[in-house]
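Read-outs throughout are calculated quantities, based only on the coordinates presented, and are distinct from any laboratory measurement. None of the values given here were measured: they were computed from a predicted structure. For neighbour counting, all protein chains shown are included, and Cβ atoms are generated from backbone atoms with ideal geometry for every residue, glycine included.
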Amino acid sequence: MNPLTSGDFTEAEEPFALFGTWLEEAKASEPNDPNGMALSTVDADGMPNSRMVLLKDFDADGFVFYTNTQSQKGQELLGQGKAAALFHWKSLRRQVRVRGPVSLVSDAEADAYFRSRPRDSRIGAWASQQSRPLESKYALEKAVASYALKFGVGEVPRPPHWTGFRIAPVYIEFWRDGAFRLHDRIVFRRPSPEGDWTRTRLYP
């Protein structure tokens, strides 16, 4: 029996293959955004913030998402250098928690992903001054029209303030719903992103 699917998932030896299996199963059962995750950051005063973002890639190096670095989350990520993420798949009654330091993806990675976005989304990345006060919806629409005119039918380059972040996890916890609140929990920890994983089963 495969421990990553129908068996005892707490026997998994490392977290990334298990996460990949759970994500694929979520893609088949979640009605919207199976790659959605609640991203938590802290500001300079230690006050936390959370918001939903989309996971765009993951591998053994970490979990990647994209944003405007001038936004609130972008500034907190750059300033504090750490983040947490939570995946909750209600249809499967599962969740995964991730914690670790963050770093910027390479320019090549950011450029490649930006080119894959719909053209209107690329123009929107230029037009939106994310997290800053907006005087009216018309002002945003005007900015969109202005950048659409600027770029015409040509290539829309990636804005210098728009890129990706990678969470290099030092903590990944898998949670599965159990009868009578006796849930299954397993956590993988390592001292640094370069360290070896240890696995621990937790009380629910």
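Using a 7 Å offset from Cα along Cα-Cβ at Leu54, what residues in the stretch 109-134 end up with backbone N under 15 Å from the label point? Backbone N within reach: 113-125.
Taking the chain on its own, what percent of its Cα-Cα pair distances exceed 30 Å?
Numbers: 6217 of 20706 pairs.
Here the long-distance tail beyond 30 Å is 30 percent of all Cα pairs in the chain.
Specify the angular offset, from 0 to 90 degrees and rounded to the nearest 10, of the alpha carbon long axis of helix 107-116 from the longest principal axis of the alpha carbons in the chain. For helix 107-116, the angle is close to 80 degrees.
Distance between the 7 Å Cα→Cβ label points at Leu104 and Asp177: 4.2 nm.
With only Lys, Arg, Asp and Glu charged, each at its Cβ (+1 for the first two, -1 for the last two), find how big the charge dipole of the chain is about the Cα centre; round to the nearest 20 debye.
580
Compared with the dominant Cα axis of the chain, that is its longest principal axis, helix 137-151 is turned about 80°. Multiplying the residue separation of Ser121 and Tyr203 by 0.36 nm and removing their Cα-Cα distance gives an extension gain of 25.1 nm.
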